[in-house]
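Below is one structure; the comments refer to it alone.
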Amino acid sequence: MANWVTGKVTDITNWTGSLFSIKVHAPIEKFTAGQFAKLALEIEGERIQRAYSYVNSPDDNNLEFYLVTVPEGKLSSRLATLKTGDELLVTEQAAGFFVLDEIPDCQTLWMLSTGTAIGPYLSILQQGVNLERFENIVLVHAVRWGQDLSYLPMMQQLEKKLQGKLRIQTIVSREKYPDSLMGRIPALIESGELESAVGLPIQAENSHVMLCGNPQMVRDTQQLLKEQRNMVKHLRRKPGHITSEQYW
């Protein structure tokens, strides 16, 4: 059973009509960058809960979550209406293994994400611990529309801060957008466009790929990497090249 603590909303940012970020103060135990918590509200006598990744560094007490309002969703639609000072429930302990400690050393670490699944990567990169294990880090954020690139300014700041180690690449699927590729992640890997734009190859010899986001993207990209790049899923007992987490 999860231990729940009461958190207080300190800030809400509405990025678009359906995307928003919520910041919370809550007496949680320290988490590892890349992990998630569960948020909950009591709605009509029932505790409704969902898992959301931390966006903030573990060193930052402003707990931050990046959410999309799901049509007919019981929780997200209510979270979107919260105001500063409102209360919600947060799990005291974080969970999940989508963390750098689980990633083997490699030359190039690819962080591929769709939508709100950019969150765990931002937590990892903001903390900046153990990044020296990788010569290159590539952060890819794929969205439908350019306005959905909520954290692009933060991505650009991290790129400058990490001085050549980090390369960022945005992908917008439904419109042409400056400095962005157009299409879906699997198709852009298959065509070679993603690697060409970034200037680095995805190959089993020296790369590890982290996948986080839409389950279809995760499945399709895993299959493509297995078939075309001879990459296999990474397991503790059998090291590989692909680590994944799905956002439902």
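The values are calculated or read from the model by the stated rules, or taken from the named source; none is laboratory data. Keep in mind it's a predicted model, so treat the numbers as computed, not measured. Neighbour counts run over all protein chains shown; Cβ positions are idealised from the backbone, glycine included. For accessibility, only protein heavy atoms count, side chains too; no ligands or nucleic acids. Shrake-Rupley method; radii C 1.70, N 1.55, O 1.52, S 1.80 Å.
Less than 16 Å from a label point 7 Å out along the Cα-to-Cβ axis of MET182: which backbone N atoms in segment 119-154 qualify, by residue?
143-147
At each listed q (0.21, 0.23, 0.24 Å⁻¹), what is the log10 of I(q)/I(0) that the Debye formula gives for segment 115-198 modelled as equal alpha-carbon point scatterers?
-1.03, -1.19, -1.25
In square angstrom, what is the accessible area per residue of the chain with a 1.4 angstrom probe?
Value returned for the chain: 49 Å² of accessible area per residue.
Putting +1 on Lys and Arg Cβ atoms and -1 on Asp and Glu Cβ atoms, find which of GLY115, LEU79, LEU39 reaches farthest to the positive end of the dipole of the chain.
GLY115
What share of all Cα pairs of the chain, in percent, falls into each consecutive 5 Å distance bin?
Calculated over all Cα pairs of the chain, the distribution is 1, 6, 14, 18, 19, 16, 12, 8, 4, 1, 0 percent.
Over segment 87-161, what is the mean sequence separation of C-alpha contacts under 8 Å (at least six apart), divided by residue count, expressed as relative contact order in percent?
Rounded, it is 35 percent for segment 87-161.
Could you calculate the FRET efficiency of ARG133 with LYS83 from 1/(1 + (r/R0)^6), where r is the beta carbon distance between them and R0 is 51 Å, rounded to 0.05?
0.75
Treat each spin label as a single point 7 Å out from the Cα along the C-beta direction, and report the GLN228 to GLN156 distance in nm.
3.0 nm
State the Cα centre-to-centre distance between segment 55-87 and segment 1-51 in whole Å.
Each part's Cα centre sits 5 Å from the other's.
Suppose every Lys and Arg Cβ carries +1 and every Asp and Glu Cβ carries -1, with no other charges. What dipole size does segment 100-246 come out with about its Cα centre, to the nearest 20 debye?
Rounded to the nearest 20 debye, it is 220 debye.
Percent of accessible area on segment 133-209 owned by carbon and sulfur, 1.4 Å probe?
Working: 1750 of 3820 Å².
Result for segment 133-209: 46 percent of the exposed heavy-atom area is carbon or sulfur.
For the chain, compute the number of Lys pairs whose alpha carbons are separated by less than 16 Å, excluding pairs fewer than 8 positions apart on the same chain.
Going through the chain pair by pair, I get 8.
Taking only DSSP H segments of four or more residues, each worth -39500 (n - 2.57), what value at 222 nm results for the chain once the sum is divided by all its residues, to the nearest 500 deg cm²/dmol?
-5500 deg cm²/dmol
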